[in-house]
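What follows is a single structure, written as structure tokens, with notes after it.
Just so it is clear, none of the values below were taken in a lab; they were calculated from the coordinates. Keep in mind that this is a model prediction, so the values were computed, not measured. Cβ: placed from backbone, ideal geometry, glycine included. Neighbour counts: every protein chain shown.
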Amino acid sequence: MVLLALGGSVMAEERLATDPNDPMNLHRVLINHVGFTPSAGKHVVVIDPPEPKFSVYQQWNGEKFSGPLIKVDQDLGPGWVGDFTALRDEGVYFIRCGGLNSHPFTISKTAYEMPLRTTLIYFNWQRCGDSRSGWNTPCHTNDGILADTGAHVDLAGGWHQSGDLRKWTWGTSFGLLGLGMTDLKRSPRWDSGQIAEEFRWGNQYFQKMVRPDGCLMDTVNMPLGWGPRKFYRQDGTLMSHYVVMAGQAIGARMFAKKDPAYSRKCLDLAKQMWTYSAGLGADFKLYRLPEIPACHEFLATAFDAYYPGSCFDQALKTYAAMRLAEAEPGGPWLDQAVQAATALAKLQFDGDPTLDPATACFREAPGKNSLNGFNSSIALGLIGMCDLIERNPGHPALAAWRHTVSKVARQMRIMSERNPWGLVPCIWYSKDPGGGRKGGSGFYRCLPALA
């Protein structure tokens, strides 16, 4: 998120550099305002530097590091990048380049604690329903109405995805993964149950959205406003099925000791959803939004590459199966993850990313060579594949999994070095969609086109 904020518009930064309301030119020396952990990579970007070098000063203790600025001008406009990774001492610092200064930043072992706590507060404010913390609570207490029958069903709760008040299951469901893994992997000292409480608040909505047969229902949340909205009994996206499923498996682990009954409910629902989603096969129908809200026309075909056997299907299966394997050791989930990860590895293009970065991408499906689509689903698959590598160090497919992950990592490193912001492509295409950038045999965008 920090990189996206930095890389939004170099021209905007150049305009800001001459802004009379910015006499110190703070917008010309761009730094990760969150801060850095001591062992992390550390870079600064300077727009139109007065000299080809920079220095790092510690507040009240003078200069601590200096180095050269290297111009990077292949993608997204010019910027001069300085590397001060070698500086590891904790403290408060700022960058100086000639007469230009950066905003202060920290190097600290706890640099990410404030963003984590701020993000948790964001979820709290985005609560939907009769909460005590939502930014316009109580709201949408009458959700929802089934579009085909007009019958009222209890679908209150969850989170607003953004300021448009919608509760897209394919968007807000990622919150379950972030909250759950923060609780399981970090167990921050400042948490006194808030993370688990927030997870449970959001998850009540997703559990209500699952039909008895394991299908996750769909929602467009129309009309806009604070009253009841329409919901649809048709299948939601294949992506949302696996993400919500993984969220339930994570919840099963989170609450195993805190609330065993709720833990079992989460696990049973995840398994029920797996049976439904994995059994779609030839019965799967290409996802189409039942209604398309204004300014969301791009969603009409956004999920066309999500179907059983596709690279996105195998990636999401890998991730969800690994989360289920953690929640229910001894179940069939590790074998399911092995099958999906091996199928995903076979869909990766042949070639050396150093010579052709697009060869680290994946075919849409067996027999297809298109590589268009969002990479968030592939990223989850690669996370699952890394987990699988750790769990199965002696598996015959280990070399293939490692090769797959390594190629993607090399592609991202290569592409990040093509612009001063360190951005990596979020979408790859076989053909230029308009405004795409050439990347070997493919085209890419660093930011998605939403219209």
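Data overview
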{"quantity": "Links that overshoot a 27 Å alpha carbon limit, given the list LYS167/LYS431; LYS167/LYS257; LYS208/LYS271; LYS407/LYS438; LYS167/LYS438", "calculated": "LYS167/LYS431; LYS167/LYS257; LYS167/LYS438"}
{"quantity": "Sequence ranges 264-271, 208-215, ranked by mean other-Cβ count within 10 angstrom, highest first", "calculated": "264-271, 208-215"}
{"quantity": "Nearby aspartates and glutamates by direct alpha-carbon distance to LYS230 (threshold 13 angstrom, same-chain neighbours under 8 apart not counted)", "calculated": "ASP143, ASP148, ASP154, ASP218, GLU291"}
{"quantity": "Hits among aspartates and glutamates - C-alpha to C-alpha of LYS258 under 18 Å, sequence gap 8 or more where chains match", "calculated": "ASP183, ASP191, GLU197, GLU198, ASP268, GLU326, GLU328"}
{"quantity": "Sequence of GLU90, GLU63 once ranked by neighbouring C-beta atoms within 10 Å, starting from the fewest", "calculated": "GLU63, GLU90"}
{"quantity": "Dimensionless Rg/Rh of the stretch 77-197 - Kirkwood Rh, Rg from C-alpha atoms", "calculated": "1.15"}
{"quantity": "Euclidean distance of C-alpha centroids, the stretch 233-258 and the stretch 179-199, integer Å", "calculated": "17 Å"}
{"quantity": "Percent of Cα pairs exceeding the 28 Å cut-off, where the set is the stretch 112-304", "calculated": "24 percent"}
{"quantity": "Anchor LYS71: lysines whose Cα lies under 19 Å away (excluding residues fewer than 8 positions away in-chain)", "calculated": "LYS42, LYS53"}
{"quantity": "Euclidean distance of C-alpha centroids, the stretch 61-92 and the stretch 275-292, integer Å", "calculated": "49 Å"}
{"quantity": "Segments 320-330, 250-260, 388-398, 51-61 sorted - mean Cβ within 10 Å per residue, highest first", "calculated": "320-330, 250-260, 51-61, 388-398"}
{"quantity": "The stretch 338-378: equivalent-ellipsoid semi-axes (sqrt of 5 x gyration tensor eigenvalues, Cα, Å)", "calculated": "17, 12, 11"}
{"quantity": "Total charge dipole magnitude, the chain, about the Cα centre, Cβ charges on Lys, Arg, Asp, Glu only, Debye to nearest 20", "calculated": "600 debye"}
{"quantity": "Relative contact order (%) - criterion: Cα under 8 Å, at least six apart; region: the chain", "calculated": "11 percent"}
{"quantity": "Modelled FRET efficiency - R0 51 Å, ILE292 with LYS71, Cβ distances, 0.05 increments", "calculated": "0.70"}
{"quantity": "Rounded to 10°, Cα long-axis angle of helix 311-327 versus longest principal axis of the chain", "calculated": "80 degrees"}
{"quantity": "Residue order, fewest to most surrounding Cβ atoms within 10 angstrom, among LYS407, LYS346", "calculated": "LYS346, LYS407"}
{"quantity": "Likely footprinting exposure, TYR429, TYR112, TYR242, fewest C-beta neighbours within 10 Å first", "calculated": "TYR112, TYR429, TYR242"}
